Amino acid sequence: MNGNLLSLLFLALCFATIFTSCGNADIATTPDEVPTETATPVVEKKETPAKEGYQIGDVVEDFSLENVDGKMVSLASLGADVKGATVVFTCNTCPYAVMYEDRLVELSKKAQAAGYPIVAIMPNDLTIKPNDSLEKMKERSDEKGFDFPYVIDADQSIFPKFGATKTPEVYVLNKTDKGFVVAYHGAIDDNHEEAEAVQVKYVEKAYDALGKGEAIDPATTKAIGCSIKVQKG
């Protein structure tokens, strides 16, 4: 009887000891077993690059710039009868621009006949190119017999809107119900060195296509010339 009682007490003590040990024991966890939150891949949103200036089909904001005759010139001032305009960024000092001066005079006749008169804009900073001053522009205009406005982008606020980077650089604008729309952008022709060696007259091709209601091909070409001079900083 006593033996059985002692056995039962011993067994009870063992169970109590085991139960207490299991209840107080920490659960061992290896580093590999630590739950980790599954990282959601971060997908970088690629922003569409901002367009640098007007593209084909864009409506051009009108401007008002001083001409060599002292008058202000805008697209609206060209008259109600024009079909568009030919904006040419050029200057006195760039050798490329100088090579195109006589060609611009000839182009002006065809531009006016087609209904897309030329507006030449001088975009350079005068502290860098003092010979591109309005006074010097007037002298060049008189010397070459320019029959088109030769205006100055004095605060350099207009050429960045167009996205122009060279002199010379051309934008043929077509007049629509929305306003003046970019129809062609680039070079005047395919040979800046020799007028006699020109094979493709891009701007004149644009006039012809617009006159026929056809697509301009090519609508863009690479302008060859000097970089527009801007004060750094």
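Residue count for the stretch 163-186 satisfying the condition of being part of a loop (DSSP other than H, G, I, E, B) and buried (at least 24 other Cβ atoms within 10 Å of the Cβ): 2.
Among residues of the stretch 130-156 that are under 10 Å from ASN92 (Cα atoms) and assigned to a loop (DSSP other than H, G, I, E, B), those with a Cβ under 7 angstrom from a residue that is at pLDDT 95 or above and among the hydrophobic types (A, V, I, L, M, F, W, C), sequence gap 6+ or separate chain, pair up as SER133/LEU126. Of the residues in the stretch 202-224, at least one is within 18 Å of PRO95 (Cβ to Cβ) and either β-branched (Val, Ile, Thr) or in contact (Cβ under 8 Å) with a residue 60 or more places away in the chain (or both).
Scanning the stretch 177-189 for residues that are over 17 Å from the mean Cα position of the chain (by Cα) and in contact (Cβ under 8 Å) with a residue 60 or more places away in the chain yields a total of 5. For the stretch 120-134, the criterion of being under 17 Å from GLY84 (Cα atoms) and at pLDDT 95 or above is met by at least one residue. A Cβ distance below 6 Å, combined with a sequence gap of six or more or placement on separate chains, defines the contacts here; from the stretch 93-110, residues that are in a loop (DSSP other than H, G, I, E, B) reach residues that are crowded, with 16+ Cβ neighbours inside 10 Å and among the basic types (Lys, Arg) in the pairs THR93/LYS129. Candidates ASP217, ASP189: the one that is touching a helix residue (DSSP H, G or I) at 6+ places or on another chain (Cβ under 9 Å) and loosely packed, with under 15 Cβ neighbours inside 10 Å is ASP217.
So which residues in the stretch 112-125 are within 25 Å of the chain's Cα centre (by Cα), in a loop (DSSP other than H, G, I, E, B) and more than 14 Å from CYS94 (Cβ to Cβ), if there are any at all?
TYR116, PRO117
The values are calculated or read from the model by the stated rules, or taken from the named source; none is laboratory data. Being a predicted model, the structure only gives us computed values, none of them experimental. Cβ sites come from the backbone with ideal geometry, for glycine too, and all protein chains shown count toward neighbours.
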